[in-house]
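Notes for the one structure printed next.
Any read-out appearing in this document is the output of simple, stated calculations on the displayed coordinates, not a laboratory observation. Note that the structure is a prediction, hence the values are computed from the model and not measured. For neighbour counting, all protein chains shown are included, and Cβ atoms are generated from backbone atoms with ideal geometry for every residue, glycine included.
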């Protein structure tokens, strides 16, 4: 009951705060403060004349509020010219195209970007824990207020400040640059724009809401990491990979296609050329090539999402740094089911994997052990593996042993809040740290970065 009451209270206060920020100008907030202060200090009208200040200020505010109720409409179209991607903690600039379709020049406007409702549901508020929440006092942990603020910021992704627009000439188009710095990955869902015009006294805004739904993807933070040397060798894949490019040792004829500049002359199908006088290329499918597995642990036993975000950033960094145009990279993780995505050699490009990692969330009820059957059945296809773990238990040990017993090169990164304790835990279980590197979340660049 208490949690439900707090949830509804925080939601109501958020709506009121957002309404106040958009409807009251800074001068209006100062006027409200002056009226309240003069009312408190001038309560005894026999000893002070401050009540006159309160009366005058209240009258001005009343007139201003009435003026703010006057209709504010003009025909306008908006369109955001968004970049393909943004990246966490990197400054991003996009342009907002505004077309004034009215017959009058619009002056003195203020623009607010309108995004989807960032308020979390009750289940999310109760289940998600703010990073380092355990360091807060008992009252703050019970009240859930700081957790609420953290979830709001996480859903918003970035902070949008109001923008003072230049004059909008009648029938013309202007472009306004907007700069933001995203702090969380995932999609920013824009729902529209709000144009505000202050009243004659400059205390209240009249608002015009223009719908324009768009979205922009924020990619995880990436580091310049040194790619592990996995001493990869080509493995046999019966039947090859569908649509794979022709780079390998054993080629199987697939089909014919039109010639493209740069195609080797030896692959031209001369019989077809003799009949049609058109250059046609024979396509082949490789059966021997390099294939790596990138395994991301998504089970967060500690509840510290900083650990999980660090794992996503490391996985994204390796995807960006590994040369996969002549090999295949399989990204594997556990969510509500087992996910495996392949890129390289005519399959999806690495940007698609980064999009996937931008939206991946921690798994609450399934561990990395769920990947064991999939790895056991496909282990002969892999030339090497990089594993990013968020801890160490029997599932992590089992995956490590699968690759080692199959003589497949493996590099394991175990993220930890305390490096010394995690190394001690692994040594007690394995008696060695061969090909296992424990990294503290605050030391990723120092321990894994390019020298």
How much of the DSSP bridge set in the chain is antiparallel, in percent, rounded to the nearest 5? 70
Could you state the number of Å between the C-alpha centres of the range 135-199 and the range 99-125? 9
Exposure-ranked with fewest Cβ neighbours within 10 Å first, 23, 134, 292 stand as 134, 23, 292
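May I ask for the Kirkwood hydrodynamic radius of the range 349-451, worked out over all distinct Cα pairs and given in angstroms to one decimal?
Radius from the Kirkwood sum: 15.1 Å.
Quick one: order 363, 121 by neighbouring beta-carbon count within 10 Å, fewest to most.
Starting with the residue having the fewest Cβ neighbours, the order is 121, 363.
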Working only with C-alpha atoms, what are the Rg and Dmax values of the chain, expressed in angstrom? 29.8, 111
Using 0.36 nm times the number of residues separating residue 56 and residue 211, minus their current alpha carbon distance, what extension gain do you get? 51.9 nm
What angle, in degrees between 0 and 90 and rounded to the nearest 10, separates the Cα long axis of helix 2-23 from the longest principal axis of the Cα atoms of the chain? 70
Semi-axis lengths (Å, descending) of the ellipsoid that matches the C-alpha gyration tensor of the range 1-107: 39, 25, 15
Which distance in Å, rounded to a whole number, links the C-alpha centroids of the range 1-43 and the range 346-415? 50
Quick one: the Cα spread of the range 2-219 along its three principal axes, in angstroms, biggest first? 63, 59, 27
Counting only C-alpha contacts under 8 Å and six or more residues apart, can you give the relative contact order of the range 2-219 as a whole percent? 30
Arranged by the count of other C-beta atoms within 10 angstrom, fewest first, what order do 193, 359, 387 take? 359, 193, 387
Cα long-axis angle, helix 145-156 against the chain (0 to 90 degrees, to the nearest 10): 70
With contacts defined as alpha carbon pairs under 8 Å and 6 or more residues apart, what's the relative contact order of the chain in percent? 14
Protection proxy (average C-beta count within 10 Å per residue), highest first, orders 365-378, 264-277, 390-403, 306-319 as 306-319, 390-403, 365-378, 264-277
Angle in degrees between helix 394-405 and the longest Cα principal axis of the chain, rounded to the nearest 10: 30
